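Trainee: Structure below; questions to follow.
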Amino acid sequence: MARMDAIELLAHDHRMVEQLFRDYHAAASAEQRRGVVQITVRELSKHAALEELMVYPLARKVLPDGAREIDEHLAEHRDVKKTLAALDTMPAGDERMDSLMAELRREVAEHVREEEGELLPKLRGALDQQALDELGEALDKAKRTAPTRPHPRAPDRPPGLTFAGPVAAIYDRLRDRLQGRPQT
């Protein structure tokens with residue numbers, strides 16, 4: 001498979017999460033829905049951490065109104081992470097799961113609409129293809145070691161995130177293994 005540049009990779013992640021929402025609604029049992037929730041938590045947690053660590057700091061620097069725009073995206077991330085944290089601890093069959101997944105779907109849809117409609121096109125215009133390709137490769141590689149759980153109270157920008165992210169990732173992956181969570 002051909003490598004994706006950063007914008008293609010982020011959009012691909014968005015499509016994967018949209019599919020996970022469809023999978024949740026198609027699940028035949030509470031246990032299957034819980035499994036989809038675990039994968040959704042994992043994938044959105046990795047995606048958010050990588051955006052915060054690698055994409056947003058770059059956008060903040062290269063876009064004319066980058067600081068304001070990125071602060072808005074970070075606020076959206078905090079809301080998503082709070083919802084993910086609630087879902088992460090919820091047992092199969094919990095009656096609140098459907099409403100929290102619907103809330104998460106709305107939060108993610110709004111965030112994706114803004115990112116794909118505004119931020120990512122601006123970023124494509126501000127960076128050359130080589131930079132986008134290199135960032136895409138770095139994002140793809142970093143996915144393997146990104147945090148897999150939400151951390152709504154953790155720093156969401158460097159330098160704090162630079163130190164907290166790897167520690168959270170190690171802790172998350174250990175917890176995932178001990179709890180038999182799906183590996184993606």
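Only the coordinates and a few stated rules stand behind these numbers; no lab work does. Only a predicted model underlies this, so the values are computations on that prediction, with no experimental measurement involved. Counting neighbours? That spans all protein chains shown, and the Cβs are built from the backbone with ideal geometry, glycine included.
Trainee: Hey, can you rank 38-48, 139-149 by average C-beta count inside 10 Å, highest first?
Mentor: By packing density, highest mean first, the sequence is 38-48, 139-149.
Trainee: Still on this structure, please answer the following. Based on the Cβ-Cβ distance from Asp94 to Ala67, what FRET efficiency comes out when R0 is 41 Å, to the nearest 0.05?
Mentor: Computed FRET efficiency for Asp94 and Ala67 comes out at 0.55.
Trainee: Multiply the residue separation of Ala131 and Ala102 by 0.36 nm, subtract the distance between their alpha-carbon atoms, and state the gained length in nm to one decimal.
Mentor: So the chain would gain 6.8 nm between Ala131 and Ala102.
Trainee: Stretched out fully, how many nm does the piece from Asp140 to Glu116 gain, at 0.36 nm a residue minus the Cα gap?
Mentor: 6.8 nm
Trainee: Let me ask another. So if we plug the beta-carbon distance of Gln32 and Leu74 into 1/(1 + (r/R0)^6) with R0 = 22 Å, what FRET efficiency do we get, rounded to 0.05?
Mentor: 0.10
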